[in-house]
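Undergrad: Before we start, here is the structure in question, set down as structure tokens.
The values are calculated or read from the model by the stated rules, or taken from the named source; none is laboratory data. Keep in mind that this is a model prediction, so the values were computed, not measured. Neighbour counts are summed over all protein chains in view; Cβ atoms, including those assigned to glycine, are modelled from backbone coordinates with ideal geometry.
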Amino acid sequence: MANLELVPVHTRILTHRDDIVEAIMHYAGDNIGPEDIVCVAESVVAITQGRITRPEELRPTWQARLLCRFVPAEGSMSSVYGMQSAMELDGKWKVFGAFILGAIAKAFRKDGVFYQISRAAALTDDVTGTMPPFDKHIVYGPKDADKVAERIVQRTGSYGAVVADVNDLKRAAVLGHSRGMDPKRIARILIDNPFGNDDQMTPIVIIKNFASISERQ
Amino acid sequence: MYFYTFVNIIVTIIFIVAVLFVAFRIFAWKQGDEHIVMLPKKRTPFEVEDISFNQVTLVSDIPFVNKGRQNGTIMDLYPRHLLPQEQFDAVQIHSWTTDLADERHDGYWKSVIIEPRKGGTVRLRLILTAKTGNIRKDLVGFPDMNIDIVYQVVGRSDWHISKNRLILTAEELQQAMRQ
């Protein structure tokens, strides 16, 4: 009887010159079956989409300078460039408004409103957030994550695909998925971060035998 | 009448904005920022790490600390040795640095976050290669050499580049070569 198995796939450093779907085929194509789910790290999808910038390329606005001061130090939005990068995508007034609403909601003990409204703020990784040579870059979240997942399924013939944001702090979220996937269930499977740390260079994880095990359950 | 009401509203708005601006500046001042500095005076003396007939590798560890009240990120850090050929032309010099806590051997500085009141150590390597083929002979007359540690830091406010200087003195080099 087949068991659920998580298989990390090692790749070289992927850049904006790569197509993530072709990279998956190149490095994992032989190992992907029709019962498997292909998971790919969101930051790598964003990098292959060219969705990166550098602090040197940004001109912080007064809104970014103001808001970043109120974000706890561990967040990507705590740096003026992290905040500005979110404003570049979502618009400075949208982020500003989201922050005000988030602060009001927090007063009523409802957390996370800021990041729910400003998705760019939620998905952006500040410098140091990604492995070299992108450690000096700010990496935005991926664009059209659902479409990317669908393309992966069409190209690889897998049962499903997801674009996931997972870290070592036991946090996992599925940002995009192919049709029929249950993102919360996949996130639970990925909770122990099978992508490993940056140095392991395993941005692809195959969940083997997912379909047959789902049928059994 | 309406004019004075309008003026009053404008003045009130300006006053409120000014108060908020001052309050924010005070808040930002109290919150502080990163203040990462190299401590070249506390560095270890240069030592010979490796030596061959035509080449010597010297190392020195330079501590750094974040004296500020906020996290700071060292985005890049590199050495700049300053020895013009007009002053001394008998050796070729290559210098590079690495974070001792996450040592690398490619000369690439991996961005690192330094928390307030914490620090680390930069390992500086100098590789001196003899032009005639005999390093001991070619190092005769080596002068004091300035080395700048250049680093790019970002925190709550704009990124900036700083540098701190250390000197490899002729005596220190001779001392290292004798060991």
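Undergrad: Does segment B:91-110 hold any residues that are out of contact with any Pro (no Cβ under 7 Å at 6 or more places or on another chain), within 14 Å of chain A (Cβ to nearest Cβ) and surrounded by fewer than 18 Cβ atoms within 10 Å (Cβ to Cβ), and which are they?
TA: B:ALA101, B:ASP102, B:GLU103, B:ARG104, B:HIS105, B:ASP106, B:GLY107
Undergrad: Pick from segment A:87-102 the residues that are of a type outside the set (D, E, K, R) and under 20 Å from A:GLU56 (Cα atoms): which of them is nearest to the other protein chains (Cβ to nearest Cβ)?
TA: Result: A:MET87.
Undergrad: Pick from segment A:37-66 the residues that are hydrophobic (A, V, I, L, M, F, W, C) and within 11 Å of chain B (Cβ to nearest Cβ): which of them is surrounded by the most Cβ atoms within 10 Å (Cβ to Cβ)?
TA: The residue in question is A:ALA64.
Undergrad: On to the next question. Within segment B:41-58, work out how many residues are in contact with a Ser or Thr (Cβ under 8 Å, 6 or more places away or on another chain) and basic (Lys, Arg).
TA: The number of residues fulfilling the criteria is 1.
Undergrad: While we're looking at this one, here's another question. Please go through segment B:119-136 and pick out each residue that is surrounded by fewer than 12 Cβ atoms within 10 Å (Cβ to Cβ) and modelled with pLDDT of 95 or more.
TA: none
Undergrad: Name the single residue, out of those in segment A:73-86 being part of a loop (DSSP other than H, G, I, E, B) and within 10 Å of another protein chain (Cβ to nearest Cβ), that is surrounded by the fewest Cβ atoms within 10 Å (Cβ to Cβ).
TA: So, considering only residues that are part of a loop (DSSP other than H, G, I, E, B) and within 10 Å of another protein chain (Cβ to nearest Cβ), the one surrounded by the fewest Cβ atoms within 10 Å (Cβ to Cβ) is A:GLU74.
Undergrad: Just need a number here: residues in segment B:109-136 that are farther than 30 Å from B:GLY155 by Cβ, basic (Lys, Arg) and not in a helix (DSSP H, G or I).
TA: Here the count works out to 1.
Undergrad: Then there is this: Please pick out the residue among A:ASP90, A:ASP144 that is among the acidic types (Asp, Glu) and closer than 23 Å to A:ILE13 by Cα.
TA: On inspection, the qualifying residue turns out to be A:ASP144.
Undergrad: Do the conditions hold for B:LEU58, that is, is it more than 27 Å from B:TYR151 (Cβ to Cβ) and either surrounded by 11 or more Cβ atoms within 10 Å (Cβ to Cβ) or modelled with pLDDT of 95 or more (or both)?
TA: Taking the combined requirement at face value, the residue does not satisfy it.
Undergrad: Could you list, in sequence order, all residues of segment A:122-168 that are part of a loop (DSSP other than H, G, I, E, B), away from chain B (no Cβ under 12 Å) and more than 11 Å from the chain's Cα centre (by Cα)?
TA: A:ASP144, A:GLY157, A:SER158, A:TYR159, A:ASP168, listed by residue number.
Undergrad: Now a separate question. Going through segment B:111-156 one residue at a time, which ones are within 14 Å of another protein chain (Cβ to nearest Cβ) and of a type in the set (Lys, Arg)?
TA: B:ARG117, B:LYS118, B:ARG156
Undergrad: Restricting attention to segment A:38-64, which residues are touching a Ser or Thr at 6+ places or on another chain (Cβ under 9 Å) and farther than 17 Å from A:THR124 by Cα?
TA: A:VAL38
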